[in-house]
Amino acid sequence: MIAELRVRDLATIAEVTLQPGPGLNVLTGETGAGKSMLVDALALLLGDRADSALVRPGAARAVVEGAFEVADAPRRKRVEELGLDLDEGRVVIRREISAEGRSRAWVNGSPTTLAVLVELGRLLVDLHGQHETQSLLHPDAQRNSLDTYAGALPERHAVAEAWHAEEALAREESALAARRDEVRRRADYLRHVVTEIRDARLKPGEDGALALESRRLSHAGTLVEQARRIAEAMDGEDGGALKLLGEADRALGPLEKQDPDAGAWRELLDTAFSNLTELSRLAADYAESVQEDPDRLAEIERRRDVISRLTQKYGNTIEAVIAMGDTSARELDLLDTADTDIRAIAARRQAAGAALRSAADALSAKRGEAAGRLGRAVSRMLPGLGLPGGKLEIVLAPTVAPTAAGQESVTFTVRLNVGHDAKPLAKAASGGELSRLMLALKTVLAGQDDVPTLIFDEIDAGVGGEVGTQLGEALATVARK
């Protein structure tokens, strides 16, 4: 509910603070007293477009601020879903309009947009009269009100679930058919890819091993020569490192007899001898193993050309090429199973469609019964509210196909005078007549409509006597809810 409304420098209002209480609040006064300006101020908080003409002459800007109590948890959740933070269950909206026409808005101290104010307004206030109502003029709200009145929310939920289930199957079927058709279109290419990669018999890491072997064969003469030089340096006929180590060993024997501390060198000498002996052997073996082999080198280069061509076509590495072959093979496998899978999905979708139609029929039955009942209940109230020829009808028009909301559109239509054509509620008369019509609707729907604050502007225009009494009773009935 509205806890407080503050207005400063708006049109004829210099400054005013309004603190409504629970239940029914009535603002009265002579023409020009500023009643409608308070409604205009509230409309600004609910997202109405600003106009510099609203700024009080001589003022730099007009300021409107409203504090709203949000008591119930579901509404708090919906407020938070708008990206707004609640301050101890309260929403404070501030709107400023400068004399130059610039407009700014805040919610609980944070800047916001008009679109957010509109959405927030639909949760907090229904404003009826000179301004567009915040709920029941909208088709979705009309449908929701009828379903709530009919006690058809379980059926509505069942329809939504059935529709989403059928839609999911339809998307799955369509996606699989599209993949199948794409594979068919690319089948020849995919078969070529699979065959080419399979015939190449690639092995992960093969390119690195071939590159190393190619370098060895390309430089075989130089490699053999250098390896033999190393072996000769270790243990050549003309001497070498091992011969010199032998001399060192012979010198170490007498030395360690005279100085036992020198015995620690023995381990170093033995290690060096062992390492150089192994190096000599490895170098000699390497020189024997590496040979010039033009045929093998040519074979390697041909293999490397095959790998290079495949990596240029299908991936930067052998692993990527192998993965491409596997993926292409799986796509071809789809051709063998897609038609069977599509038929299975189509059968499930057909069953889901039957379930949707059954659920929609149950919802339509409840809507049809409640539509007549709601129309009659509201129409009975209208003569007592000063609309003697008024009649409300709920029109249910079948849709081309069931949707998540059912298989018909819901439109509230009204005829305000005998002989006039019925018009959609959104196009009916404005001002006091529309306010009284909305009051009748709200009275019948009391307890089911969840908007916490209703504002009826000029609802008593042209009303007096017994009609005025009934109007007051209707307002009191709604206020109790």
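Take the residues in segment 239-268 that are of a type in the set (G, A, S) and closer than 20 Å to L279 by Cβ; name whichever of them is most open to solvent (accessible area, probe 1.4 Å).
Residue satisfying both the conditions and the ranking: A248.
Return the pair list, or none, for Cβ contacts closer than 9 Å from residues in segment 401-416 that are touching a residue at least 24 places away in the same chain (Cβ under 8 Å) to residues that are acidic (D, E) and part of a loop (DSSP other than H, G, I, E, B), at least 6 apart or on different chains.
Correct list of pairs: R415/D421.
From the residues in segment 11-20 that are part of a loop (DSSP other than H, G, I, E, B) and in contact with a strand residue (DSSP E or B) (Cβ under 6 Å, 6 or more places away or on another chain), which one is most open to solvent (accessible area, probe 1.4 Å)?
Q19
Given G23, G47, G32, which one is in a loop (DSSP other than H, G, I, E, B), more than 27 Å from K442 (Cα to Cα) and either without any contact (Cβ under 8 Å) to a residue 12 or more places away in the chain or not acidic (D, E) (or both)?
Checking each option against the conditions leaves just G32.
With respect to E167, is the statement that it is at pLDDT 85 or above, open to solvent by 40 Å² or more (accessible area, probe 1.4 Å) and among the charged types (D, E, K, R) true?
It is true that E167 is at pLDDT 85 or above, open to solvent by 40 Å² or more (accessible area, probe 1.4 Å) and among the charged types (D, E, K, R).
Yes or no: segment 30-51 includes at least one residue that is open to solvent by less than 80 Å² (accessible area, probe 1.4 Å), within 16 Å of R90 (Cβ to Cβ) and either of a type outside the set (V, I, T) or in contact with a Phe, Trp or Tyr (Cβ under 9 Å, 6 or more places away or on another chain) (or both).
yes
Give all pairs with beta carbons closer than 6 Å in which a residue from segment 297-312 that is more than 14 Å from L202 (Cβ to Cβ) meets a residue that is among the small types (G, A, S) and open to solvent by less than 90 Å² (accessible area, probe 1.4 Å); count only pairs at least 6 apart in sequence or on separate chains.
I300/S214
For segment 353-375, check the following and say yes or no: at least one residue is within 40 Å of the chain's Cα centre (by Cα) and polar (S, T, N, Q).
yes
Among the residues of segment 326-338, are any under 18 Å from L202 (Cα atoms), of a type outside the set (G, A, S) and more than 35 Å from the chain's Cα centre (by Cα)?
no
Could you say which residue among V410, V395, V418, V414 is assigned to a strand (DSSP E or B), of a type in the set (A, V, I, L, M) and open to solvent by 60 Å² or more (accessible area, probe 1.4 Å)?
Only one candidate passes the filter, namely V395.
The values are calculated or read from the model by the stated rules, or taken from the named source; none is laboratory data. All values derive from a computational prediction rather than experimental measurement. Neighbour counts are summed over all protein chains in view; Cβ atoms, including those assigned to glycine, are modelled from backbone coordinates with ideal geometry. Calculation scope for accessible area: heavy atoms of the full protein, side chains included, ligands and nucleic acids excluded. Shrake-Rupley method; radii C 1.70, N 1.55, O 1.52, S 1.80 Å.
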